[in-house]
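Participant: Dropping a structure here in structure tokens format, bear with me for questions.
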Amino acid sequence: MTRIEIPFHRPSIGPEEIDEVVRTLKSGWLTTGPRTSEFEQALGSYVGAPYAQAVNSCTAGLHLSLAAMEIGPGMEVITTPLTFCATVNVILHVGATPVLADVGPDGNIDPESLLSRLTPRTRAIIPVHLAGLPCDMRTIWRVARDRRLFVIEDAAHAIGAHYRGSPVGAGDPSAGTYSDSAVFSFYATKNLTTGEGGMIVAHNEAFAEKARILCLHGLSKTAWNRYAGRGRWYYEVLVPGFKCNLTDVQSSLGLHQLRKLESFIEIRTRYARLYHDLLADAEEFELPPDRADCRHAWHLYMLRLNLEKIAIGRDEFIEALQDRGIGASVHFIPIPLHPFFARYARLAENQCPRALALYPRLVSLPLYPAMSEGEVEYVARTAKDIARGARRKHPIAVAASTP
Ligand SMILES: *Cc1c(COP(=O)(O)O)cnc(C)c1O
């Protein structure tokens, strides 16, 4: 019998993407040019945002957003501890101070905790839509309006998610409320991929213009603008910018990934429901949270272990999955646990006991369109087998978190 291998992720790249990349390679224009413009327009209209700036990563997009808002030393930016390190690194890159608010039961930033972190130095909030489940944006927008704060959505997981009827990135059009920017990731494992890449979407023209200039050295014109302007060589440096542009080779992938995104989300949603159905009767598990007023993008299926019911820990659980050919992961190691961030985490205003208590329970199961339904069933069956085999005869009380 062949050994079953279900890696944590397999990309879905079809012949359309491959042909488009080849056409681009033959076109003579490899860097930022017509395909990137086309990708920006298509993605902006998909999410319902008038401005879209392609960047070479979500990290770069978050950094450019902070830079374009002129956030820097002496200012505080509030974010969540349950995120990838990039969200916090970029705050430090502009010289500002990261402040961590704790998470709520859904794993997203908790508005109550966010309120408790506000100081006169607070300048911006970076909510992260964990796993593709939108944050409580209405409350965040209200706080931001009252306190005149910027909101930058880390939407790395959330392309295709909807918040109260509108795509993440569209804001709340009926109320005329928007974030200052939302940034998507097109990293290899994300819902839509260009290998590496990202997109900033925005509703304010002045911000979008600043981000565009900062994205490419601070130049007044891109090489493509100059080429399209019949070979004019002249440009001016308006500000010392960065080098964060997305190439046409990458955008060639993105254009076709975007066309398939709705079908990707449909499959992810179907598989998430299949996991729910198959795992619901296992008392060793708590199923990932959802919200009735949102469309979850199901970037990740973050299962929670009920540690008082099983005799093994999360790490052993993941090893047992691995032994049966299943790749699993953890999202995320909370920011306070990384050595570099410990200095911030020690401060009283950064205590996040709920995030730290959630961490040892988290296991992300494989979830992607290139899986078959049979593979989803195998993963669910195996996870249950492992949990049953490790079931505690006498459930213990797990001590409350020790921050
Ligand atoms: C992947 C990810 C990022 C970074 O995205 P890149 O495109 O790799 O820079 C940022 N935040 C979160 C929550 C992520 O998962």
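The values are calculated or read from the model by the stated rules, or taken from the named source; none is laboratory data. Quantities reported herein were computed from a predicted structural model and do not represent experimental measurements. Cβ placement follows ideal geometry from the backbone for every residue including glycine, while neighbour counts extend to all protein chains displayed. Accessible surface areas use protein heavy atoms only, side chains included; no ligands, DNA or RNA. Shrake-Rupley method; radii C 1.70, N 1.55, O 1.52, S 1.80 Å.
Participant: Tally up the residues in the range 167-187 that are assigned to a loop (DSSP other than H, G, I, E, B), more than 14 Å from the ligand (Cβ to nearest atom) and open to solvent by 30 Å² or more (accessible area, probe 1.4 Å), please.
Facilitator: Of all residues in the range 167-187, those assigned to a loop (DSSP other than H, G, I, E, B) come to 168-171, 173-176, 178-180, 186-187.
From what's left, more than 14 Å from the ligand (Cβ to nearest atom): 169-171, 173-176, 178-180.
Filter again for open to solvent by 30 Å² or more (accessible area, probe 1.4 Å), leaving 173-176, 178, 180.
Qualifying residue count for the region: 6.
Participant: Looking at the range 326-338, I want the residues that are over 11 Å from VAL88 (Cβ atoms) and have a partner that is away from the ligand (no atom under 16 Å from the Cβ) and hydroxyl-bearing (Ser, Thr, Tyr) with Cβ atoms under 8 Å, at least 6 apart or on another chain. Which pairs are those?
Facilitator: Filtered contacts from the range 326-338: ILE326/TYR378; ILE326/THR382.
Participant: Which of the residues spanning the range 19-55 are small (Gly, Ala, Ser) and assigned to a helix (DSSP H, G or I)? Walk me through it before giving the result.
Facilitator: Keep residues of the range 19-55 that are small (Gly, Ala, Ser), which gives 27-28, 33, 37, 42, 44-45, 48-49, 52, 54.
Once the filter is applied, which keeps residues that are small (Gly, Ala, Ser) and assigned to a helix (DSSP H, G or I), the range 19-55 yields SER27, SER37, ALA42, GLY44, SER45.
Participant: With the structure loaded, tell me whether TRP233 is part of a loop (DSSP other than H, G, I, E, B) and more than 16 Å from the ligand (Cβ to nearest atom) or whether it fails that test. If you could, list the steps in order and put the result at the bottom.
Facilitator: Working: part of a loop (DSSP other than H, G, I, E, B): yes; more than 16 Å from the ligand (Cβ to nearest atom): yes.
Spelling it out, TRP233 is indeed part of a loop (DSSP other than H, G, I, E, B) and more than 16 Å from the ligand (Cβ to nearest atom).
Residue-wise test of (1) of a type in the set (Asp, Glu); (2) closer than 19 Å to ALA161 by Cα.
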residue: ARG295; (1), (2): no, yes
residue: GLU316; (1), (2): yes, no
residue: ILE326; (1), (2): no, no
residue: PHE340; (1), (2): no, no
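Participant: Go through (1) of a type outside the set (S, T, N, Q); (2) under 18 Å from ILE109 (Cα atoms); (3) in contact with a helix residue (DSSP H, G or I) (Cβ under 7 Å, 6 or more places away or on another chain); (4) away from the ligand (no atom under 16 Å from the Cβ) for ALA158 and report which single condition fails.
Facilitator: ALA158 satisfies all of (1) of a type outside the set (S, T, N, Q); (2) under 18 Å from ILE109 (Cα atoms); (3) in contact with a helix residue (DSSP H, G or I) (Cβ under 7 Å, 6 or more places away or on another chain); (4) away from the ligand (no atom under 16 Å from the Cβ) except (4).
Participant: Answer with yes or no whether ARG354 is open to solvent by 10 Å² or more (accessible area, probe 1.4 Å) and over 23 Å from the mean Cα position of the chain (by Cα).
Facilitator: Details: open to solvent by 10 Å² or more (accessible area, probe 1.4 Å): yes; over 23 Å from the mean Cα position of the chain (by Cα): no.
No.
Participant: Of the residues PHE186, PHE207, only one is farther than 13 Å from ALA68 by Cα, out of contact with any Lys or Arg (no Cβ under 7 Å at 6 or more places or on another chain), hydrophobic (A, V, I, L, M, F, W, C) and touching a residue at least 12 places away in the same chain (Cβ under 8 Å); which? Show your work before the answer.
Facilitator: Values: PHE207 fails: farther than 13 Å from ALA68 by Cα.
Result of the check over PHE186, PHE207: PHE186.
Participant: Can you pull out every residue in the range 188-213 that is within 16 Å of the ligand (Cβ to nearest atom), buried (at least 18 other Cβ atoms within 10 Å of the Cβ) and either at positive phi or not charged (D, E, K, R) (or both)?
Facilitator: Correct list: ASN191, LEU192, THR193, THR194, GLY197, GLY198, MET199, ILE200, VAL201, ALA211.
Participant: Scanning the range 315-336 for residues that are surrounded by fewer than 19 Cβ atoms within 10 Å (Cβ to Cβ) and closer than 30 Å to PRO98 by Cα, which turns out nearest to the ligand (Cβ to nearest atom)?
Facilitator: Checking each candidate, the answer is HIS331.
Participant: Which one of ARG226, ARG164 is closer than 19 Å to ASP106 by Cβ and either away from the ligand (no atom under 15 Å from the Cβ) or in contact with a Cys (Cβ under 9 Å, 6 or more places away or on another chain) (or both)?
Facilitator: Numbers: ARG226 fails: closer than 19 Å to ASP106 by Cβ.
Answer to the selection: ARG164.
Participant: Right, here's the next one. Can THR24 be described as in contact (Cβ under 8 Å) with a residue 60 or more places away in the chain and within 16 Å of the ligand (Cβ to nearest atom)?
Facilitator: Details: in contact (Cβ under 8 Å) with a residue 60 or more places away in the chain: yes; within 16 Å of the ligand (Cβ to nearest atom): no.
Spelling it out, it is not the case that THR24 is in contact (Cβ under 8 Å) with a residue 60 or more places away in the chain and within 16 Å of the ligand (Cβ to nearest atom).
Participant: Could you list all residues from the range 283-339 that are in a loop (DSSP other than H, G, I, E, B), β-branched (Val, Ile, Thr) and within 29 Å of MET137 (Cβ to Cβ)?
Facilitator: Answer for the range 283-339, where residues must be in a loop (DSSP other than H, G, I, E, B), β-branched (Val, Ile, Thr) and within 29 Å of MET137 (Cβ to Cβ): VAL330, ILE333.
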